[in-house]
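The values are calculated or read from the model by the stated rules, or taken from the named source; none is laboratory data. Remember, predicted model here, so these are calculated numbers, not experimental data. With ideal geometry, Cβ positions are generated from the backbone for all residues, glycine too; neighbour counts draw on all protein chains shown.
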Amino acid sequence: MFIAPLFSLTLLLQSPAFPALPCLSPEGTGKIHSHLKQPFGPVFVAAERGLFVADLEARTLDLLDLRDGAPRGEIFSLRFENPSCLQVRAKDGIYNIHPAWLFGRKVASKHRKEKEPWGPPSSLVAARGGSNLPPGSRLATDAAGRVRLALKAKAWGGATFRWRLQGHHLWRPVEQVGSQYLLGPIPPGRHKVFVVAMDENLRFSSPFPLELLRPLPKGLSKAVLIPVAGGLVLMVFLLSVFPVLGKGRGPLRRALLSAVAVSVLGLQVFAAIVPHAKGWPFVGFTMYTQTYHAQSLLYRPVIRALLEGGKEVEVSPSEGGITVPYTTFRSLVPLLNGGPLRLEEFRETLGRNLGAPVQRLRILAERTRLTPGGPKPAGALLLGLYPPLHRPSSPDQGGGK
Amino acid sequence: MNQASFRSRLTAYWFPSRASLVRLGGLRLILFALLIFDIFNYGQTVFADAARVSNGELPGPWRPVLFLELLHLGPPDLGTIRIVFAILLASACLGFAGLLTRLSCWVAAPLSAYWTAVAYAYTQPHHDKVAFSIALFALALGPSGARLSLDSLLARYRRARRGEDPLQVPKTDPFAMFPIRLIQWTLVIGYTAPGWSKLLIAGPQWMNGYTLMGIMMEHHGPLAPFFASRLWLCVLGSVLVFFVQTTFAAVLIWPKARWFYLPGALFFHTMTWLTMDTGPYITLWLVLCAFLPLERLPLVARLWWRRSRTMLRTLLHRTLLFLLFFALPAYVLWIFARILPLWVVLLIACPFVDSLVLFLRSSRWDLIYDGGCGICRRALAVLAASDWGMRLRVLDFRSSRAVSLRHPDLTYEEMDTDIHLVLPGNRVYRGFDAYRKLAWLIPLYSPLAPFLYLPGVASLGRKIYRHVADHRSRIGCGWDQAG
């Protein structure tokens, strides 16, 4: 078992505390092997049933749902390779796990003791049909919303690739199919996406922008939908008006208004069935149709500002100059992916609005587990820290929002 | 049912011959007051976004809704937004006042849709303003300005000039119900579709309590921790939401069901505000007034104000009266005051509140005028159109026998010389003093009343009044010796 904290701020907590914390997972933790405090972040606990996070305020332990590339099952030990890389030892080897987004990569055994010869990954090169693509290229996807690309980058341990939609915070894995990569799926419409290369230590290259177009299903494309809807509306008007022609103004006015009513209500019902939001004010109504169950997990984004004197307060994006009504993950994208300049601007604006200089910003994802006794705090993950403890490895240095 | 019968029933449903114009006018007042609130409510975001566009940056990805895309309308800059704001606010104020009502509706409805769509283009479309946007267009399709409007006041004035009776006003119109029905159906789709979507997509599992618990915690309103920590409350809430939404169409079949569904919807939106931080959704639930028989509310208020046979019934009526006519409007005004300046809220509220108070009085005021005089008829047209509290009983001393029966102590010569206002207790006001008292009593003019008590105003007013009254046959007022 190895525990090798690299940072002076890394704090080891007293082991006997953990068995006393109630575990929110019904199966429990099993045997606890080790634990590690992330600087300004949560305490991770390696245990027989997986990787757990401890909420010391709520005094709970909760199992982390690790994502692609991360190990399954028992975790024996933990250490931070860099602020964005939690290294863990599992049964089948050593893995690097992103402590915020929980995806990971297995560390090739040959790299374990080697000294890294270079820094973060180089800018990636994307190619299609044998020719390199310039940044910002416009590409059409297939009907499923995917696009096939050749991607290359120089990265320690070999490059893997991730992508995200503009305005979205999650970096999703790019699927490898032979020598090519399958990016997507994206929702119908035109979307800007960013692709990054990731090295073994989970450091990202600068993002490579692309503009992807996924055509709507033929029946819902504007070329079909508008003439069909227009034709139907016209037919309704004609059917309403023809029978009353020559019968005076009253019946004609009634017929026209009836056609309006049928058209408006028809469009409403159609939008509700499809469902569709772009046709506002004719929209679908599928909001809040997801279901949760016992043990479902919720994430809530939170920005905390550390003020002089050690006081920490929760702030809203609007206090830092991001005009959104609520704190959502989407509203935090400019902070999570906007680079240090954007974060500094936010910190300065926030300081002015709070009337006190902000020492440090923490962006957290508070986790909540639903239980029969109500929702229980289940630890918060550190999504962003500014100023960082040392050079950040996060992507989008000045990249798009 | 044969085809002709079905068609006539359909016509009677959408175009009933005795549809109240006051009801449509009342709905117009509510919706345009709401529009003024909404312009300012969204204004901060729209102006901030436009300022960023003018500075050469986009506040976010521009994803316009379909109609903006079809019209090739891109992100607006600050100059464009200022022009839209000015025209929209002007048309909203005109629509509220009921001046050039149809034109105001046709200008306000598309501009309001544009205002909202611009705000949505940087984020995503929401549902709260679907019914409201369609309602503004619906108002343009009916005679929305025929009552409770400056248009109706001017129409009375013109009728009085033509020598017609200023008190004769249109009360019903076959096209007055159409906008109301269209709004009602839009609302029913807006409530029913989410209920059925939940049933078809999530299934009955949606009511397991955890779903509502999760939704509350995701949105985290101030009362979310209280409700979410009680699974049984979440189950109960889910069942209620599900029931109200899936069966909301019942209000179309059985109109009395509105007394369950409207408070249910109001409670639902208040709870989502408190537990999910959705905001008050006032744009949606005020549109629900389309289900209320607004023209009958004054009578209902007066009925509930009276003592009933039993103490319990009186208590019930007065509680309902308090909730419907005072607590609910106070709640609305409180929400308005969060966005609008206080003086604007008071300006919107005063006519409503004063009229509500007046509705409750059982006494009436007799206004005795000279029906043969054009100036008097025109003045009466204006006064009668402004009498939203329905307190004035206007009597022409030349043609009404009721005058001599009710007020035997007033002589013909006196009534021929001055206009008279007789209040309960036989308090009589004449000439300028009658007009000054009316300014106090009629809510629309009460802001003017204090000025009429300034030093010198009364003596000047009395002189002007005397001059006009004494020379009304010579100053071309259309006076004729009808008596």
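Tell me whether segment A:88-98 contains one or more residues that are in contact with a Leu (Cβ under 6 Å, 6 or more places away or on another chain), more than 30 Å from A:LYS376 (Cβ to Cβ), surrounded by fewer than 17 Cβ atoms within 10 Å (Cβ to Cβ) and of a type in the set (D, E, K, R).
Scanning segment A:88-98 turns up no residue that is in contact with a Leu (Cβ under 6 Å, 6 or more places away or on another chain), more than 30 Å from A:LYS376 (Cβ to Cβ), surrounded by fewer than 17 Cβ atoms within 10 Å (Cβ to Cβ) and of a type in the set (D, E, K, R).
Which of the following residues is within 13 Å of chain B (Cβ to nearest Cβ) and within 24 Å of A:ARG146 (Cα to Cα): A:PRO275, A:PRO281?
Exactly one of A:PRO275, A:PRO281 is within 13 Å of chain B (Cβ to nearest Cβ) and within 24 Å of A:ARG146 (Cα to Cα), namely A:PRO275.
If you check A:VAL196 against the conditions, is it β-branched (Val, Ile, Thr), surrounded by fewer than 13 Cβ atoms within 10 Å (Cβ to Cβ), over 30 Å from B:LEU66 (Cβ atoms) and not assigned by TED's automatic domain parsing to the domain that holds A:LEU267?
Answer is no for this residue.
Select the helices (runs of 4 or more DSSP H) contained entirely in segment B:57-168, then report the ones holding at least 1 residues which are within 27 Å of A:LEU225 (Cα to Cα) and either touching a Ser or Thr at 6+ places or on another chain (Cβ under 7 Å) or modelled with pLDDT of 95 or more (or both).
B:101-121, B:130-140
Just to verify a result, which residue in segment A:164-203, among those that are in a loop (DSSP other than H, G, I, E, B) and within 14 Å of chain B (Cβ to nearest Cβ), is modelled with the highest pLDDT?
Top of the filtered list is A:ILE186.
Being away from every other protein chain (no Cβ under 13 Å) and within 17 Å of the chain's Cα centre (by Cα) is true for just one of A:LEU336, A:LEU341. Which residue is that?
Of the residues listed, the single one that is away from every other protein chain (no Cβ under 13 Å) and within 17 Å of the chain's Cα centre (by Cα) is A:LEU336.
Does any residue of segment B:221-242 turn out to be over 26 Å from A:PRO301 (Cα atoms), outside the structural domain of B:LEU29 (by TED's automatic domain parsing) and out of contact with any helix residue (DSSP H, G or I) (no Cβ under 8 Å at 6 or more places or on another chain)?
Looking for residues that are over 26 Å from A:PRO301 (Cα atoms), outside the structural domain of B:LEU29 (by TED's automatic domain parsing) and out of contact with any helix residue (DSSP H, G or I) (no Cβ under 8 Å at 6 or more places or on another chain), one finds at least one in segment B:221-242, hence yes.
What do you reckon, is A:VAL313 more than 29 Å from A:LEU361 (Cβ to Cβ), more than 9 Å from every other protein chain (Cβ to nearest Cβ), touching a residue at least 24 places away in the same chain (Cβ under 8 Å) and not polar (S, T, N, Q)?
For A:VAL313, the condition - more than 29 Å from A:LEU361 (Cβ to Cβ), more than 9 Å from every other protein chain (Cβ to nearest Cβ), touching a residue at least 24 places away in the same chain (Cβ under 8 Å) and not polar (S, T, N, Q) - is not met.
Considering only segment A:343-361, state which residues are surrounded by fewer than 19 Cβ atoms within 10 Å (Cβ to Cβ) and under 14 Å from A:PRO317 (Cβ atoms).
A:GLU345, A:THR349, A:ASN353, A:LEU354
Is one or more of the residues making up segment A:182-189 over 19 Å from B:ARG63 (Cβ atoms) and among the aliphatic types (A, V, I, L, M)?
Yes: one or more hits.
From the set of residues in segment B:169-187 that are aromatic (Phe, Trp, Tyr) and outside any loop (DSSP other than H, G, I, E, B), which is farthest from A:VAL260 (Cα to Cα)?
B:TRP185
Would you call B:PRO75 away from chain A (no Cβ under 11 Å), surrounded by 15 or more Cβ atoms within 10 Å (Cβ to Cβ) and farther than 23 Å from B:VAL287 by Cβ?
yes
Identify the residue in segment A:64-84 that is among the hydrophobic types (A, V, I, L, M, F, W, C) and in contact (Cβ under 8 Å) with a residue 40 or more places away in the chain and, among all such residues, is farthest from A:VAL174 (Cα to Cα).
Filtering segment A:64-84 for residues that are among the hydrophobic types (A, V, I, L, M, F, W, C) and in contact (Cβ under 8 Å) with a residue 40 or more places away in the chain, the one farthest from A:VAL174 (Cα to Cα) comes out as A:PHE76.
Return the residues of segment B:181-199 that are more than 7 Å from chain A (Cβ to nearest Cβ) and among the charged types (D, E, K, R); say none if nothing qualifies.
B:ARG181, the sole residue that qualifies.
What about B:ALA202, is it more than 37 Å from the chain's Cα centre (by Cα), among the hydrophobic types (A, V, I, L, M, F, W, C) and at the interface with chain A (Cβ under 8 Å from one of its Cβ atoms)?
Here the answer is yes, as B:ALA202 does meet what is asked.
Taking segment B:216-248, which residues are within 12 Å of chain A (Cβ to nearest Cβ) and among the small types (Gly, Ala, Ser)?
Hits for segment B:216-248 are B:GLY221, B:ALA224, B:ALA228, B:SER229, B:SER238.
Looking for something in contact (Cβ under 8 Å) with a residue 12 or more places away in the chain and either in contact with a Phe, Trp or Tyr (Cβ under 8 Å, 6 or more places away or on another chain) or closer than 23 Å to B:ALA290 by Cβ (or both) - is there at least one such residue anywhere in segment B:151-163?
Scanning segment B:151-163, I find at least one residue that is in contact (Cβ under 8 Å) with a residue 12 or more places away in the chain and either in contact with a Phe, Trp or Tyr (Cβ under 8 Å, 6 or more places away or on another chain) or closer than 23 Å to B:ALA290 by Cβ (or both), so the answer is yes.
List every residue pair whose Cβ atoms sit under 7 Å apart, with the two residues 6 or more apart in sequence or on different chains, where the first one lies in segment B:102-124 and is assigned by TED's automatic domain parsing to the domain that holds B:ILE36 and the second, anywhere, is of a type in the set (Asp, Glu).
Taking only residues 6 or more apart or on different chains, the pairs are B:TYR122/B:ASP49.
What number of residues in segment A:259-294 are in the same structural domain as A:GLY230 (by TED's automatic domain parsing) and either of a type in the set (S, T, N, Q) or under 26 Å from A:ALA356 (Cα atoms) (or both)?
The number of residues fulfilling the criteria is 2.
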